[in-house]
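Here it is, the structure in full.
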Amino acid sequence: MRTVHIDIAVNGAFITRRWEEPRNFMRLTRELGYPYHEFCGDVLDPFFSGDRAYQMQAAREVREAAAEFGVKIIDLYTGMATHRFHGLSHSHPSVRRRMRQWIDQIMDIAIEMGTDRIGGHWDAFSVETLEDPMRNQAAWQNIVQQFREIAVAAKKKGIAAVYDEQMYVPSEIPWTLEQAERFMVEINTGNEGVPVYLTVDVGHQAGQAYGLSHPDTSYEEWLRRFGAVSESIHVQQTIPTASAHWPFTGEYNEQGHISVPKVLDALRESHEQFSGSPLAACVPPVENNYLVVEIIPASTKDEKTLLHELSETARYLRNYIPEGGLTWSFPSPGS
């Protein structure tokens with residue numbers, strides 16, 4: 001048998017442009033009710049946050065503050081910055097190399113911070129590429145190769161896993177269930193580096209304007225298929241046609257469609273059925289599922305309201321996931 005631990009975490013996007021001192025990051029994380037923290041790259045960016053000496057010192061301060069307040073840094077995840085560029089999928093090799101430098105440096109920051117996992121999204125296909133079948137296929141092959149190389153580089157640095165986030169527009173793959181399965185299989189089959197896992201976001205099924213339809217628009221189906229290979233699962237309250245990044249408060253729960261019991265049911269089903277998944281042959285199932293609260297507040301939202309919403313969200317989630325988390329047992333793949 002294998003066991004899986006499920007608990008709640010918070011993404012550090014709420015910190016961006018508001019708090020500066022690491023002790024405050026971690027103190028707030030603990031006081032708000034989260035034992036785990038997904039560090040946001042916008043808070044400490046390898047290109048924009050000072051020089052390397054400062055970045056390493058800041059990372060050590062984050063690690064020390066996390067230990068002081070009893071918080072575990074589960075991974076270092078990209079914020080909004082890298083989503084603004086074509087990055088690894090740009091047609092010019094110089095641009096691709098520059099994004100690889102960003103990833104290489106964020107790995108060093110992560111290790112210094114005390115975590116051995118990085119994740120996010122570092123690329124977008126251009127409209128010109130999407131409109132040309134030959135360029136589109138070449139771009140797909142490029143991004144698969146990029147991730148295979150990143151996995152090897154990560155292993156050499158001491159990183160244990162790399163995450164890629166599923167998105168909801170055709171430029172940011174994978175954005176469909178079929179693409180996600182293909183993406184995971186092609187990257188992880190014969191992979192000589194660390195596992196590349198998927199991050200499922202329950203609000204990223206909102207690509208209806210680009211023709212997305214059921215079952216690709218079902219967050220439950222995404223979790224059933226990929227929850228067992230998604231350590232970091234981003235949760236937010238939202239409506240079906242938007243990724244609103246709302247908190248789980250009374251006000252927003254009345255408007256939104258995300259059901260935490262349905263999230264957990266789909267996640268359990270994913271683990272129960274994993275031995276029959278095409279992914280079972282190329283990537284191991286995860287031992288932890290963190291439901292990472294990813295609340296991205298409007299710039300005009302004041303800090304008092306923001307912190308209240310994050311605290312209420314943690315209390316709400318504890319109705320379904322108790323303090324200390326859940327532990328589930330499943331047959332090991334192949335047993």
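Name the single residue that is modelled with the highest pLDDT among those in region 283-335 being among the polar types (S, T, N, Q) and in contact with a Lys or Arg (Cβ under 8 Å, 6 or more places away or on another chain).
Restricting to residues being among the polar types (S, T, N, Q) and in contact with a Lys or Arg (Cβ under 8 Å, 6 or more places away or on another chain), the top hit is 329.
In this structure, is residue 164 closer than 25 Å to residue 266 by Cα, assigned to a loop (DSSP other than H, G, I, E, B), free of Cβ contacts under 8 Å to residues at least 60 places away in the same chain and not aliphatic (A, V, I, L, M)?
no
Please find, within region 1-17, the residue that is surrounded by the most Cβ atoms within 10 Å (Cβ to Cβ) out of those that are over 21 Å from residue 63 (Cβ atoms) and out of contact with any Leu (no Cβ under 8 Å at 6 or more places or on another chain).
Taking the candidates together, the pick is 4.
Does residue 181 meet the test of being of a type in the set (Asp, Glu) and under 18 Å from residue 266 (Cβ atoms)?
For residue 181, the condition - of a type in the set (Asp, Glu) and under 18 Å from residue 266 (Cβ atoms) - is met.
A further question on this structure: Go through region 263-281 and count every residue that is exposed (fewer than 15 other Cβ atoms within 10 Å of the Cβ) and in contact with an Asp or Glu (Cβ under 7 Å, 6 or more places away or on another chain).
1
Only one of 150, 143, 187, 173 is at pLDDT 95 or above, among the aliphatic types (A, V, I, L, M) and assigned to a loop (DSSP other than H, G, I, E, B). Can you tell me which?
173
Looking at 137, 146, which is the one that is of a type outside the set (Asp, Glu), surrounded by fewer than 20 Cβ atoms within 10 Å (Cβ to Cβ) and out of contact with any Cys (no Cβ under 6 Å at 6 or more places or on another chain)?
137
Report yes if residue 165 is under 15 Å from the mean Cα position of the chain (by Cα) and among the charged types (D, E, K, R), otherwise no.
yes
Okay, residues lined up against (1) buried (at least 19 other Cβ atoms within 10 Å of the Cβ); (2) not aliphatic (A, V, I, L, M):
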| residue | (1), (2) |
| --- | --- |
| 79 | yes, yes |
| 87 | yes, yes |
| 91 | no, yes |
| 116 | yes, yes |
| 125 | yes, yes |
| 154 | yes, no |
| 162 | yes, no |
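For residue 124, are the conditions met, namely being of a type in the set (Gly, Ala, Ser) and either under 26 Å from residue 242 (Cα atoms) or modelled with pLDDT under 95 (or both)?
yes
Here's a follow-up. May I ask you to list the residues in region 59-114 that are in a loop (DSSP other than H, G, I, E, B) and in contact with an Asp or Glu (Cβ under 7 Å, 6 or more places away or on another chain)?
Listed by number, the residues that qualify are 79, 80, 86, 88, 89.
Return the residues of region 296-322 that are among the β-branched types (Val, Ile, Thr), under 13 Å from residue 10 (Cβ atoms) and touching a strand residue (DSSP E or B) at 6+ places or on another chain (Cβ under 7 Å); say none if nothing qualifies.
313 - this is the single residue of region 296-322 that is among the β-branched types (Val, Ile, Thr), under 13 Å from residue 10 (Cβ atoms) and touching a strand residue (DSSP E or B) at 6+ places or on another chain (Cβ under 7 Å).
The values are calculated or read from the model by the stated rules, or taken from the named source; none is laboratory data. Source: prediction; values computed, not measured. Every residue, glycine among them, receives a Cβ derived from its backbone with ideal geometry; neighbour counts consider all protein chains shown.
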